[in-house]
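Student: Sharing a structure, written as structure tokens. Questions coming.
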Amino acid sequence: MGSPRCCAPPSPTSTESHLFQSFNGLQELAERRSFKAWFLDQFGVLHDGKRPYPGAILTLEKLASSGAKMVIISNSSRRSSVTMDKMKSLGFDPSLFVGAITSGELTHQNLLRRDDAWFSALGRRCIHMTWSDRGAISLEGLGLQVVDKVEDAEFILAHGTEALGHPSGVARPMKLEELENILEHCAAKKIPMVVANPDFVTVEARALRVMPGSLAAKYEELGGEVKWMGKPDKIIYESAMAMASVDASDSIAVGDSLHHDIKGANAAGIQSVFITGGIHANELGLNSFGDIANSSSVQALASKYDAYPSYVLPAFNW
């Protein structure tokens with residue numbers, strides 16, 4: 001393990017310097033700074049959707065043995081319980097985590113409770129964009145009526161990018177372009193959107209898959225109103241702090257997306273670890289798992305996304 005490498009990106013428009021330290025593994029960071037709680041992204045950090053990354057399970061065990069509390073914070077459109085079941089099926093021990101907070105869980109709870117003005121005014125009839133081969137998201141218990149005609153809809157619920165929900169309960173597979181065409185009609189009607197997964201893309205077995213955040217961004221371009229239910233909004237970090245009973249000064253977030261994970265941690269006022277081998281691997285010129293990114297490349301990318309990590313690691317390993 002080498003000594004930490006420091007890098008301060010130049011900022012021609014500001015006198016503020018954004019410093020980060022680079023480590024080869026998590027051990028040195030954990031020994032230097034004891035955080036009470038670690039908020040961990042899953043895709044691109046712990047696993048690739050198909051299998052755990054090398055060393056990820058051991059690293060979790062090492063952190064747990066130090067007494068750290070760990071919470072999964074994910075922009076997954078699935079409920080928290082489904083996320084924990086998925087982690088178990090991949091070989092992770094669920095008892096190592098305090099719990100999981102997902103965008104899908106936050107969306108479900110807000111649609112159920114409707115205890116703020118925005119959600120209480122939303123209506124019940126929705127266009128439901130969901131998954132097909134990944135399995136459609138259930139809306140059971142929410143009292144919603146799925147419609148497939150824009151003129152009947154009061155809002156859009158974006159869980160996925162592969163299918164359109166049908167009133168019969170069947171999800172009809174659709175191409176991304178077809179869903180975007182529907183969005184154009186929805187924007188003309190000025191109906192709001194709730195996006196239950198703000199990610200633009202995610203890592204899946206080393207490939208990048210389009211996620212609902214891309215639809216939401218398109219909808220905003222069309223002039224539509226979007227409620228973003230996850231990272232980088234600080235709602236998910238505040239929920240994690242409440243779950244772990246810690247404050248910002250005792251927390252650190254680990255993620256592979258500068259726009260979502262690191263920018264969100266910046267907004268929540270907590271420190272962060274940027275894993276370079278996730279969705280930005282190609283942008284950073286990385287070809288294999290564990291490759292070390294050039295510090296100047298990381299610095300340039302952080303400036304591009306206006307998201308500044310405290311620490312940089314090639315992978316979530318010890």
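Student: Inside the stretch 156-172, can you point out the residues that are within 20 Å of Glu105 (Cα to Cα) and either surrounded by fewer than 15 Cβ atoms within 10 Å (Cβ to Cβ) or among the β-branched types (Val, Ile, Thr) (or both)?
Tutor: Ile156, Thr161
Student: Next question. List every residue pair whose Cβ atoms sit under 6 Å apart, with the two residues 6 or more apart in sequence or on different chains, where the first one lies in the stretch 132-151 and is under 19 Å from Thr83 (Cβ atoms) and not assigned by the TED database to the domain that holds Leu183 and the second, anywhere, is of a type in the set (Phe, Trp, Tyr) and crowded, with 18+ Cβ neighbours inside 10 Å.
Tutor: none
Student: So, Ala153, is that one loosely packed, with under 15 Cβ neighbours inside 10 Å, in contact with a helix residue (DSSP H, G or I) (Cβ under 9 Å, 6 or more places away or on another chain) and of a type outside the set (D, E, K, R) or not?
Tutor: The answer is no for Ala153.
Student: For the stretch 176-187, state whether one or more residues are farther than 30 Å from Lys69 by Cβ and part of a loop (DSSP other than H, G, I, E, B).
Tutor: Scanning the stretch 176-187 turns up no residue that is farther than 30 Å from Lys69 by Cβ and part of a loop (DSSP other than H, G, I, E, B).
Student: Right, something else. Looking at Lys304, Lys263 in this structure, which one is over 27 Å from Trp118 (Cα atoms), open to solvent by 30 Å² or more (accessible area, probe 1.4 Å) and not in a loop (DSSP other than H, G, I, E, B)?
Tutor: None of the other options fit; the residue is Lys304.
Student: Please give the number of the condition Tyr311 fails out of (1) open to solvent by less than 50 Å² (accessible area, probe 1.4 Å); (2) over 20 Å from Tyr53 (Cα atoms).
Tutor: (2)
The values are calculated or read from the model by the stated rules, or taken from the named source; none is laboratory data. Note that the structure is a prediction, hence the values are computed from the model and not measured. Neighbour counts are summed over all protein chains in view; Cβ atoms, including those assigned to glycine, are modelled from backbone coordinates with ideal geometry. With ligands, DNA and RNA removed, areas are computed over all heavy atoms of the protein, side chains included. Shrake-Rupley method; radii C 1.70, N 1.55, O 1.52, S 1.80 Å.
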